[in-house]
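The values are calculated or read from the model by the stated rules, or taken from the named source; none is laboratory data. Bear in mind the structure is a predicted one, so any value in this text is a computation, not a measurement. Glycine gets a Cβ as well: all are built from the backbone with ideal geometry, and neighbour counts include every protein chain shown. For accessibility, only protein heavy atoms count, side chains too; no ligands or nucleic acids. Shrake-Rupley method; radii C 1.70, N 1.55, O 1.52, S 1.80 Å.
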Amino acid sequence: MVRVDERLFSLILALIASRHGLTKDQILSTVYGYAPGYVSGSSTTALQANASLDRMFERDKETIRDMGVVIETLTQLDDIDDNKIQRYRIAEDAYQLPSDVRFTPHEMALLELASSAWREGSLSAESRHALTKLISMGVTADSQLIGVAPRIRVNDRAFDALQAIQEANGIAIFSYIKPGDTQARERTAAPLGLAQWQGNWFVLAFDTQANAERTFLLSRIVSDVRKLANKTYEHDSEPFAARLTMELEDRARGSEAVVEVAPQTDAALRLGALYGQAIEGRVLVPYADVDLLTDELVSFGNDVRVIAPPELAASVIAKLTVVLLTHEGMVTP
Amino acid sequence: MTPKLGANDRVTLYLSLVPYLLQHSPVSVTEAAARFHVSVADMRDLVRKLSNLGIPGTEGYYLPNDLFEINFDLFEDDDVIDLLNAVGIEATPRFSGTEAATLVAGLQFISGVVDAEDRPSVTALIQKIGLGASASPANILVSTPEPPIDITALRHALSAHNRVHFEYRNARGENETRTVSPLRLDLIGDTWYLRAWCHLRDAARTFRLDRIEGLTETNVAISPEHQALELSETLFDVRDTDLAVVVRLAENALPLIAEYHPVIESAASEGAVLATIRFAHLTNVARCVARYPGIITVVEPPEAIRAVANYASDALNGYAKP
């Protein structure tokens, strides 16, 4: 058996090397990894054997595209029987990094650090591949960036699935608890952009039931995220993730909570460092999402007390009450 | 350190190895392996396989001239790679849209960590990566976390290898003056930590940057022994004196508390599990549980359950009863 990676690599080489492209039959009958299984002629055995090679080729094409290699399809009229014939080719220009994309040793150090920030989830493999390609340019990083270790958190289990569905222009289906609700509801939405903002992942998606764009917080997705079979959502490419980030920032600018902070506590120091020192014992905290701020505030216990807005106070009280109810009476005093 | 290579990893390595070798061969297997962050055994295997691969010639057969060729004597005898003939590819391939997106998002993320003078280069790099992608970079963004305190002095101390001192306030509001040998600045999600050797405790410690006040660089150099210290992957080392707390939670909620390194003890009922987490203080137990009410419940020991209940009722006391 020829290994998958050897077959994929051989396919890329063959498609680059051929100036006018190769027909599917040429590929299946000559390229390493396909050729031994190819049966010429039009017998039933030949058709069956070649049909399975054909499916393999279709999958390989997708895999190669996902790796950043663009396969062109050229359609031309066959002179003899007037059939349309498709030829496949990889154009060198589209394959290789443009000549003006070159990096200095210092830029290389920055890129290595950027790539090393992905150590969790499926994107860590993608960032490793990007780094492998960078390394092939032979530029040695200067090592001025030792002493820092950044790591992007991807601890929402919905992330990998949403990212894959977004890349495929697919539609996702998942259960979601809306802030303020206690019950999860099933949502179908096409993910358009993923953004991490203040440590939390959000997705901007087109909700196909509401027929409108919606923002979801990944940590409120409570089920596995599945892809709707055979459905895609075609849309123009836009910087959705950038727009999502801007919307979150706008929202945070528009709402400010008033929090009373006990002096000389951990909360006073940390909230002060983030949002400015307390004035008359109160800190103004901008927020984009009541639930997320609730989470942050409950972990300060009685060092903090919400003064405004009322819905934030109610949300903090509700959370603390559940904590109390699930723990008090568990032990005999 | 080097993970097992999958098919996609290997294809990317073949595509990248060829342009590298065209410029740099002959090169020792060890050096090439180190460059590409793969094991020496994997590098040898890739090179050996590469010499069997190539393009189908005009007749549809793979003839010797259509294959990659390496100097086999040099390879087998001296462990040196010398690429004599390459076919099909010469240059570095473009990034895929997703690969480019990881670099772009990574650059945005680190722009808060790097020197201020590097920030313009980061912005320029983001543009350049976009030009080098075969599809527009996938829609993934990570916003830049700003440090909670001024880190100029700390960055200087890290590169000059000098000790620093500062006031540190722990979770219970107690202040202490610490003198530490700073080793690394960790940015995890949006939280900043200083990894250091603490001269007060005489042990490796992790400090949250937002609990540090009045940080000053000293002119005392960090000893070579402390400089060479290997930092653990986990931020907080478990100590013998830590309290083992058993919690019950839904199995699919485990990622929420991954940073606490829960150890799964047994399955409870209906998709729930019992897990042990080690905490330095009872306060920390309550803080962790309060973030996930109804999702995580402390099962034992009794003093931890009581601490959580008291924590909640103390905090609730601040609000008037309706």
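Here are the numbers:
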quantity: Near pairs, Cβ below 7 angstrom, 6+ apart or cross-chain, from the range A:233-256 (polar (S, T, N, Q)) to any residue that is open to solvent by 70 Å² or more (accessible area, probe 1.4 Å); calculated: A:SER237/B:SER136
quantity: Unique match (being among the charged types (D, E, K, R), within 10 Å of chain A (Cβ to nearest Cβ) and open to solvent by 70 Å² or more (accessible area, probe 1.4 Å)) among B:GLU69, B:GLU76, B:GLU90; calculated: B:GLU90
quantity: Subset of the range A:64-91 that is more than 23 Å from A:ASP5 (Cα to Cα) and among the aliphatic types (A, V, I, L, M) - its residue that is modelled with the lowest pLDDT; calculated: A:ILE80
quantity: Residues being more than 8 Å from chain A (Cβ to nearest Cβ) and of a type in the set (Ser, Thr, Tyr) - total across the range B:134-157; calculated: 2
quantity: Residue that is nearest to A:SER124 (Cα to Cα) [pool: residues in the range B:105-123 that are more than 8 Å from chain A (Cβ to nearest Cβ) and open to solvent by 10 Å² or more (accessible area, probe 1.4 Å)]; calculated: B:GLN108
quantity: Residue, nearest to the other protein chains (Cβ to nearest Cβ), within the range B:2-13, restricted to residues that are in contact (Cβ under 8 Å) with a residue 24 or more places away in the chain and part of a loop (DSSP other than H, G, I, E, B); calculated: B:LEU5
quantity: Options A:LEU123, A:LEU162, A:LEU134, A:LEU111: the member that is open to solvent by less than 20 Å² (accessible area, probe 1.4 Å), assigned by TED's automatic domain parsing to the domain that holds A:SER219 and within 24 Å of the chain's Cα centre (by Cα); calculated: A:LEU162
quantity: Residue that is farthest from A:LEU192 (Cα to Cα), among those in the range A:208-241 that are of a type in the set (S, T, N, Q) and open to solvent by less than 50 Å² (accessible area, probe 1.4 Å); calculated: A:SER223
quantity: Any hit, the range B:293-316, residues being closer than 17 Å to A:LYS319 by Cα, free of Cβ contacts under 8 Å to residues at least 60 places away in the same chain and surrounded by fewer than 14 Cβ atoms within 10 Å (Cβ to Cβ); calculated: yes
quantity: Hits in the range B:159-172 (condition: facing another protein chain (nearest Cβ under 8 Å) and either open to solvent by 20 Å² or more (accessible area, probe 1.4 Å) or of a type in the set (Phe, Trp, Tyr) (or both)); calculated: B:SER159, B:ASN170, B:ARG172
quantity: Residue list for the range A:209-250, restricted to those being modelled with pLDDT of 90 or more and in a helix (DSSP H, G or I); calculated: A:LEU218, A:PHE240, A:ALA241, A:ALA242, A:ARG243, A:LEU244, A:THR245, A:MET246, A:GLU247, A:LEU248, A:GLU249, A:ASP250
quantity: Checklist (1) within 12 Å of chain A (Cβ to nearest Cβ); (2) within 19 Å of the chain's Cα centre (by Cα); (3) outside any strand (DSSP E or B) applied to B:ARG195, failing item; calculated: (3)
quantity: Residues satisfying the stated conditions in the range A:119-152, i.e. closer than 18 Å to B:GLY6 by Cα and not in a helix (DSSP H, G or I); calculated: A:ARG119, A:GLU120, A:GLY121, A:SER122
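Each row is one residue, and each column tells you yes or no for (1) more than 8 Å from chain A (Cβ to nearest Cβ); (2) in contact with a strand residue (DSSP E or B) (Cβ under 7 Å, 6 or more places away or on another chain); (3) at negative phi.
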{"residue": "B:LEU15", "(1), (2), (3)": "no, yes, yes"}
{"residue": "B:VAL27", "(1), (2), (3)": "yes, yes, yes"}
{"residue": "B:ALA34", "(1), (2), (3)": "yes, no, yes"}
{"residue": "B:LYS49", "(1), (2), (3)": "no, no, yes"}
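Listed here are the residues, each with its yes/no results for (1) basic (Lys, Arg); (2) part of a helix (DSSP H, G or I).
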| position | (1), (2) |
| --- | --- |
| A:VAL2 | no, no |
| A:ILE12 | no, yes |
| A:HIS20 | no, no |
| A:LEU28 | no, yes |
| A:VAL39 | no, no |
| A:LEU47 | no, yes |
| A:ASN50 | no, yes |
| A:ARG55 | yes, yes |
| A:ASP60 | no, yes |
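Okay, residues lined up against (1) within 23 Å of A:ALA158 (Cβ to Cβ); (2) of a type in the set (Phe, Trp, Tyr); (3) at the interface with chain A (Cβ under 7 Å from one of its Cβ atoms):
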{"position": "B:ASP242", "(1), (2), (3)": "no, no, no"}
{"position": "B:VAL246", "(1), (2), (3)": "no, no, no"}
{"position": "B:PRO262", "(1), (2), (3)": "yes, no, no"}
{"position": "B:LEU274", "(1), (2), (3)": "no, no, no"}
{"position": "B:ALA286", "(1), (2), (3)": "no, no, yes"}
{"position": "B:SER313", "(1), (2), (3)": "no, no, yes"}
